[in-house]
Amino acid sequence: MSKYKVKEAVVYRRLDDELVVVQSDTGAIHFFSPDTESVFDAFSEPLSVEEFIRTYKVPQAKEEAEFLTSFVETLVNQEILEVAPSEATGAKQKSPALAPPYTRPAYLRTSRKNLDQIRISLNTASILG
């Protein structure tokens with residue numbers, strides 16, 4: 001059972017009605033539904049998909065478990081999550097009673113501009129402005 005965690009180079013913040021995820025190592029910017037924040041919070045420490053399902057009271061429907069597995073794989077492929085070393089242990093699991101209610105996460109889009117392009121645009125605007 002593999003455990004995953006948010007990569008060190010990834011920061012995320014909720015802004016208005018989106019969760020903005022920035023990869024400081026690549027400059028990529030991703031946007032998710034705001035409810036996806038609980039997934040990022042959970043995977044801030046090494047955690048398996050199965051542990052997430054138990055802790056966050058994910059409906060036991062097989063398709064939801066398959067969706068979450070696919071969602072985590074997408075985050076790994078996007079280099080947002082990484083496979084935790086096998087000796088890694090997560091933080092003490094939240095009690096299911098304390099975990100926020102589960103809402104299906106949603107990947108909305110990836111920005112067409114990365115951080116470097118935004119910095120250049122801002123610098124150009126300040127020079128011209």
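Please give, to one decimal in nm, the separation of the simple spin-label points placed at ALA61 and LEU108, each 7 Å out from Cα toward the Cβ.
Going by the 7 Å Cα→Cβ label model, 2.4 nm.
Pulled fully out, how much extra length does the chain show between GLN78 and ASP35, if you take 0.36 nm times their separation in residues and subtract their Cα-Cα distance?
Working it through step by step, the gained length comes to 13.6 nm.
What does the charge count near THR36 come to, summing +1 for each Lys or Arg and -1 for each Asp or Glu among other residues with Cβ under 10 Å from its Cβ?
-2
Quick note: the coordinates plus some simple rules give every number you see, no bench work behind them. Given the structure is predicted, the values throughout are model-derived calculations rather than measurements. Counting neighbours? That spans all protein chains shown, and the Cβs are built from the backbone with ideal geometry, glycine included.
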